[in-house]
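Structure, as structure tokens:
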Amino acid sequence: MKLNKIQCTLKKEVINQFREILREGELYSISRFTVVPNIGAAKVVKHRYKLLFQFDTEVIRIFDVEFPEASYSLETVESVVQMGQYSVYLIDVMGFLISVRDYSNIELDDEKKFKLVLIQLYTNGSYLTCNLFENFLTKIRLALMNVVSQPPIILLQSVKVKIYEGKIVVQNVIDCSKIMINPDISEAVCFITRLDPSESYFINSITLGNEFIIADVDDDFVNLSMNRSIKKLRENDADGFFNVVAKIKSICNNFDWWYYSCVCGYPFEIFRSHFSCSECGRKIKSAVKKYRVLVDVENATGSARFVLYDRSAALLFRKKLIEVLRDLDVEQSV
């Protein structure tokens with residue numbers, strides 16, 4: 001079934017009539033409405049028409065009907081940055097959260113004061129600034145406090161593209177835009193699996209304080225003071241991050257070489273429908289497949305067995321896991 005979206009507008013005269021009837025995520029049969037051209041300052045979807053509710057519009061909730069979940073009109077961070085102009089349509093955009101700044105009592109042109117949260121999204125070398133009015137900071141703080149192995153994935157729904165000081169930014173529409181953090185949806189799984197493995201998407205440090213949250217993205221920085229030989233590494237009795245130079249003797253192929261993880265980044269051994277993530281506590285509908293490869297290495301001081309997780313293995317094989325699995329499916333089908 002091909003899904004499509006159309007904007008539905010309720011004028012203030014009829015809002016109270018339907019306020020208690022309509023619930024987000026539910027399925028309805030709607031009749032006796034008006035179809036008009038989709039014009040206006042903010043177009044929610046790319047459709048030439050929109051629907052207008054009238055006083056005699058009939059809305060009936062439908063039960064026990066199989067219907068696909070809503071899709072998203074997703075733009076990448078890269079494509080938004082390259083737009084170069086205002087967009088007459090509201091968009092959805094997804095990226096890794098790497099910076100948050102909170103500004104209280106921002107005064108707009110009409111002298112009303114708002115709280116502004118300025119965040120930055122990052123994907124494959126591109127950065128996008130997002131101006132969010134309303135109280136989004138609490139959600140974002142909690143997301144960064146629970147970081148596992150990657151920055152939180154942010155999905156902004158129905159935001160508008162603007163130009164500020166010569167740069168593309170996105171801004172929420174009050175009472176319309178929404179924010180989802182580590183969304184458990186298939187689009188988030190595709191987002192993770194299609195990342196360029198040569199781009200780092202790990203948080204190296206998080207600074208909390210003075211209402212600022214900053215997550216540093218550092219691709220190839222190496223701290224030479226953390227270099228260790230295999231012998232010294234074996235003698236070490238504390239957890240830590242170290243650099244080792246060694247030759248890969250062999251790749252162990254008698255172990256499982258990939259694993260499941262939650263969208264939040266937390267790994268788990270078995271994936272079942274509606275499995276609970278022990279890190280973020282949510283029921284998981286969509287899981288991400290990631291590399292976990294065992295290799296035997298050696299240098300002049302000894303030998304050891306290392307585990308290469310997602311990005312490191314992708315750099316070694318020069319292939320994303322999704323590409324390897326696709327090639328295996330092709331081979332097995334021949």
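Per the listing Asp56, Asp110, Asp92, the residue uniquely modelled with pLDDT of 80 or more and open to solvent by 30 Å² or more (accessible area, probe 1.4 Å) is Asp56.
Restricting region 59-89 to residues that are open to solvent by 90 Å² or more (accessible area, probe 1.4 Å) and hydrophobic (A, V, I, L, M, F, W, C) leaves a set whose member that is nearest to the chain's Cα centre (by Cα) is Phe67. Within region 33-53, the set of residues being open to solvent by 60 Å² or more (accessible area, probe 1.4 Å) and closer than 15 Å to Thr9 by Cβ comprises Phe33, Val35, Pro37, Ile39, Ala41, Arg48, Tyr49.
Summed over region 185-220, the residues that are at pLDDT below 80, open to solvent by 30 Å² or more (accessible area, probe 1.4 Å) and either over 24 Å from Ala314 (Cα atoms) or not hydroxyl-bearing (Ser, Thr, Tyr) (or both) give a count of 19.
The residue of region 1-17 that is farthest from Ser87 (Cα to Cα), among those that are surrounded by 13 or more Cβ atoms within 10 Å (Cβ to Cβ) and more than 29 Å from the chain's Cα centre (by Cα), is Gln17. Taking the criterion of being among the hydrophobic types (A, V, I, L, M, F, W, C) and open to solvent by 20 Å² or more (accessible area, probe 1.4 Å), the residues of region 151-178 that qualify are Ile163, Ile168, Val173, Ile174, Cys176. No other residue among Tyr122, Tyr164 is under 24 Å from Leu74 (Cβ atoms), over 21 Å from the mean Cα position of the chain (by Cα), modelled with pLDDT of 80 or more and of a type outside the set (S, T, N, Q) apart from Tyr164. Can you work out which of the residues in region 287-314 that are of a type outside the set (Lys, Arg) and buried (at least 19 other Cβ atoms within 10 Å of the Cβ) is nearest to Ser276 (Cα to Cα)? Per the criteria, the residue is Ala287.
Could you identify the single residue in Asn243, Asn299 that is over 25 Å from Gly95 (Cβ atoms) and either free of Cβ contacts under 8 Å to residues at least 40 places away in the same chain or in contact with a strand residue (DSSP E or B) (Cβ under 6 Å, 6 or more places away or on another chain) (or both)?
Asn243
The values are calculated or read from the model by the stated rules, or taken from the named source; none is laboratory data. All values derive from a computational prediction rather than experimental measurement. Here the Cβ is made from the backbone with ideal geometry for all residues, glycine too, and neighbour counts use every protein chain on show. Ligands, DNA and RNA are excluded from the accessible area calculation, which covers all protein heavy atoms including side chains. Shrake-Rupley method; radii C 1.70, N 1.55, O 1.52, S 1.80 Å.
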